Structure formats: C-alpha cells, structure tokens
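Novice: This is the structure I want to talk about, given as structure tokens.
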Amino acid sequence: GQQVMQIPQYQHVQEGEDFTTYCNSSTTLSNIQWYKQRPGGHPVFLIQLVKSGEVKKQKRLTFQFGEAKKNSSLHITATQTTDVGTYFCNHNSGGSNYKLTFGKGTLLTVNP
Amino acid sequence: DSGVTQTPKHLITATGQRVTLRCSPRSGDLSVYWYQQSLDQGLQFLIQYYNGEERAKGNILERFSAQQFPDLHSELNLSSLELGDSALYFCASSVSATNEKLFFGSGTQLSVL
C-alpha cells in the first residue's frame, strides 16, 4: 500500500529553537493533514493541505505541501514548551482502497 | 473536548478473553474510524464505518470486528485476546465518508495480562 515516511522520528530542541518535520511519499497524494498529539492525549487536527505548493500558517506553525504533492513539512518557529508532543501527517490514499494512513509521527521534546 | 466519547477509558483483561470498546461520534458526524496505537507501530488504521456501512478496512485482524449502529455509535469487538493486543484504541469521527478532518476520542487503554 501507499507509504508515507515521516522524519525525523524524534527531535529534541532547546526552547526558542526552530523545528521541522517532514512527510515524504513515493506517490502523489491527493491531500495531507497534520495532527498533534500531546503526551497522554489524543490526536488533534491542525490543518489540511490540498493544492500543489500550498503554504498555510497558524501563528508560529508553517505548513507546506510540495509542488509534486509528494511531500509536506511542518515548521515551528521559536519552539515553546507547549509545542511538546507527537506530530503526525495523515493522508487519504483514495481510490477503491480508500483509507486514512498516518505516518509514524515525530516526537518533539523541548528543553526549557 | 472533541465531542467523541469512548468507553471504557481503561480495560484490563486476560489472554483469550473478549472485550467490547464503545464509541459515540460527534453529533452530526456519520463516519466512525477505529485506530490502534502502540509504541512501535504508531497509529494503525483498523476500520471505517459510514452511516452504518463498512467503508474501508485497514490492518484489522480477523479476531477483531466492528459495527456501527443506527444511532451511529460504534463498537469494536476484540476476541481471543493476546498480549500483543495491548494498546491504546482510538475512535475518531468525521462529517462525511471522505472528510479527512478527524475528531478523536480520548481512547481506551487496553491491557492484556
């Protein structure tokens, strides 16, 4: 089935540093969504990207969808301790084998 | 609060047993999804129901089954439990069959001893 690779698996930063996680696919994605899961919590929807080259911002978070729609990134500027958690990308594989597949996530820890 | 309710929050049982996990979707959502989360496997898609009908199937074992009832709540049945079935089971809901904005419940932590 369609595979989405998410890197890095773990990232530890000092508070104030930037952070980026990437989702890469070998095939074209129809869209991609990003979720955040705080420790001990449940995934919470952040955003959906649909268009080639799309860029969306939410305060210190910047989401990008690649021109070929095969990769996406989430960038956090000047991390804060509240950014701690696991960030997942999720995509719809579409077609008759429709299902929603999450990447394995990037666990972000922030040192205050 | 996502509006998705899952019960029970915790479940401890023994190998070989059968358990039922319950999920009530957000008001107005017709689609329900079940996911299994373990440390080494991340979020694994199990199955999706839309308006009472099975819509998509993922990596769901034959020992597991699910259904969505007329009132749209869903149950995930896990039987002949094994130690490896210990995981956090999430239910999520969305408005339509292909609306990818999922709202997750708080999960059921299953421990098989």
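The values are calculated or read from the model by the stated rules, or taken from the named source; none is laboratory data. All values reported here derive from a predicted model rather than from experimental measurement. No Cβ is skipped: glycine too gets one built from the backbone with ideal geometry, and neighbour counts run over all protein chains shown.
Here's the yes/no breakdown for (1) of a type outside the set (Lys, Arg); (2) surrounded by fewer than 19 Cβ atoms within 10 Å (Cβ to Cβ); (3) in contact with a Leu (Cβ under 6 Å, 6 or more places away or on another chain); (4) within 11 Å of another protein chain (Cβ to nearest Cβ):
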| site | (1), (2), (3), (4) |
| --- | --- |
| A:26 | yes, yes, no, no |
| A:42 | yes, no, no, yes |
| A:49 | yes, no, no, yes |
| A:56 | no, yes, no, no |
| A:62 | yes, yes, no, no |
| A:88 | yes, no, no, yes |
| A:107 | yes, yes, no, yes |
| A:112 | yes, yes, no, no |
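Novice: Another question about this same structure. Would you check if residue B:27 is modelled with pLDDT under 95 and surrounded by fewer than 19 Cβ atoms within 10 Å (Cβ to Cβ)?
Specialist: no
Novice: Please specify each residue of region B:74-113 satisfying the condition of being more than 10 Å from chain A (Cβ to nearest Cβ), surrounded by 17 or more Cβ atoms within 10 Å (Cβ to Cβ) and within 11 Å of the chain's Cα centre (by Cα).
Specialist: B:74, B:76, B:78, B:89, B:93, B:108
Residues checked against (1) without any contact (Cβ under 8 Å) to a residue 60 or more places away in the chain; (2) aromatic (Phe, Trp, Tyr); (3) under 19 Å from residue B:12 (Cα atoms):
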site	(1), (2), (3)
B:57	yes, no, no
B:63	yes, no, yes
B:83	no, no, yes
B:92	no, no, no
B:100	yes, no, no
B:107	no, no, yes
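Novice: Can you confirm whether residue B:54 is over 28 Å from residue A:87 (Cβ atoms) and within 14 Å of another protein chain (Cβ to nearest Cβ)?
Specialist: For residue B:54, the condition - over 28 Å from residue A:87 (Cβ atoms) and within 14 Å of another protein chain (Cβ to nearest Cβ) - is met.
Novice: Please specify each residue of region A:69-106 satisfying the condition of being more than 19 Å from residue B:98 (Cβ to Cβ), among the small types (Gly, Ala, Ser) and modelled with pLDDT under 95.
Specialist: A:103, A:105
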